[in-house]
Amino acid sequence: MGLTNTDIQSAQGAEQTDGNIITTTIDKVINWGRKNSLWPMPFGTACCAIEMMATLASKFDLSRFGSEAIRFSPRQSDLLIVSGRISIKMMPVLKRIYDQMPDPKWVISMGACASCGGVFDTYTLIQGVDQFIPVDVYIPGCPPRPEDLIDAVLQVQQKIASGASPKGVEHLLET
Amino acid sequence: MNEEKEVEEQSIPLVLEKLEEHHADALLSQDEMRGTIVAVVRKEQVYAVLEYLKTDPELAYTFLVDVTAVDNSQMESELMQFDYARFMVVYQLYSYQGQCRVRVKVPVHENDLSVPSVTGLWRGANWLERETYDMFGINFEGHPDLRRILTPDDFQGHPLQKDYPLRGRGERESFNFDKQNA
């Protein structure tokens, strides 16, 4: 499997005893796997999407962080990257794609437009997708640089490793 | 390059003359601006004028570049010129043959927001007229499928009319997911 002792130890809470026996919890191992193989669903509607493409291409190479397996089917994705402005006509599409993604799922709101409408304070533009879908990580910028998107992916990874629930299921846990 | 320039310069007076000769009764005004003829035409004759510009072998304005409109309701100087017609529907034409442009404008009064559709002359006018309908509320008579094209189907009003509020009327906060997903 290529899974070394050091890898397992890097998952929080893992302990190594003498020899080759490792004790940990099943949650820790699962989260370790999830965090290192996020499959993003790109929802690119504007210039932020160009930066997202640059992030995936050779120069910035998101695959260094295990998140290069872009899937254009929400059924196969667990990270939604909303990059660009979302109009009132597009919001139901985005909501539907979010709903189609299997749990657990995380959402990155990339750039000013997705996060708050940006400069487009007009009749047609959603003033922040978090009014309609839960967002885990926001990226400021117009558009953000690829490094910012990588940073956001790393923050999602940290969140997964820490065992925190995605924003989308927190309301389920409360009740 | 120089030859192209000559063609352009010759065509400008040509189209002015020909419009005066064949459609003088349709013309409200005509002018030249930065190498483009601007002809303001009566609504009743706009189809005939556009058809003439397209089919006349010397002119051959075969390419409909754009159809759009202007809301002059806050431009007193513009309103006065054409009997207080609130809207101006604008057709941009290009002639590959003469390598020059014509802009045909049609004043439209608010109480009769309709213009004949030119989809019969250019099939490409279909979506351009739908956009103009969606944004300004101009009805294109004879259009095969005059539905909204940019805003959602259940959108109320026409957002590029000057009295439409910039931040809308609450559309962006309240819409029905279930209805639109159905």
Check your understanding: Does A:Pro144 count as in a loop (DSSP other than H, G, I, E, B), open to solvent by 10 Å² or more (accessible area, probe 1.4 Å) and of a type outside the set (Phe, Trp, Tyr)?
Key -> no
Check your understanding: Does any residue of region A:100-110 turn out to be open to solvent by 60 Å² or more (accessible area, probe 1.4 Å), touching a strand residue (DSSP E or B) at 6+ places or on another chain (Cβ under 6 Å) and on the phi < 0 side of the Ramachandran plot?
Key -> no
Check your understanding: Do the conditions hold for B:Val89, that is, is it part of a loop (DSSP other than H, G, I, E, B), open to solvent by less than 50 Å² (accessible area, probe 1.4 Å) and closer than 22 Å to B:Thr36 by Cα?
Key -> no
Exercise for review: Among the candidates B:Glu44, B:Glu6, single out the residue that is open to solvent by 80 Å² or more (accessible area, probe 1.4 Å), modelled with pLDDT under 80 and not small (Gly, Ala, Ser).
Suggested key: B:Glu6
Exercise for review: Take the residues in region A:22-35 that are in contact with a helix residue (DSSP H, G or I) (Cβ under 9 Å, 6 or more places away or on another chain) and farther than 17 Å from A:Asp136 by Cβ, then tell me which one is most open to solvent (accessible area, probe 1.4 Å).
Suggested key: A:Lys28
Review point. Just to be sure, is B:Pro165 within 14 Å of another protein chain (Cβ to nearest Cβ), open to solvent by less than 20 Å² (accessible area, probe 1.4 Å) and part of a loop (DSSP other than H, G, I, E, B)?
Key: no
**Study point:** Subset of region B:98-138 (residues that are part of a loop (DSSP other than H, G, I, E, B) and touching a helix residue (DSSP H, G or I) at 6+ places or on another chain (Cβ under 7 Å))
**Key:** B:Gly98, B:Gln99, B:Ser117, B:Val118, B:Thr119, B:Leu121, B:Ile138
Practice item. Output the residues belonging to region A:40-97 that are in a loop (DSSP other than H, G, I, E, B), in contact with a helix residue (DSSP H, G or I) (Cβ under 6 Å, 6 or more places away or on another chain) and away from chain B (no Cβ under 14 Å). Key: A:Phe60, A:Ser67, A:Glu68, A:Gly84
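The values are calculated or read from the model by the stated rules, or taken from the named source; none is laboratory data. Model, not experiment: these values are computed from the prediction. Virtual Cβ from ideal backbone geometry, glycine too; neighbours counted across all protein chains shown. Just so you know, the surface numbers come from the protein's heavy atoms only, side chains and all, with ligands and any DNA or RNA stripped out. Shrake-Rupley method; radii C 1.70, N 1.55, O 1.52, S 1.80 Å.
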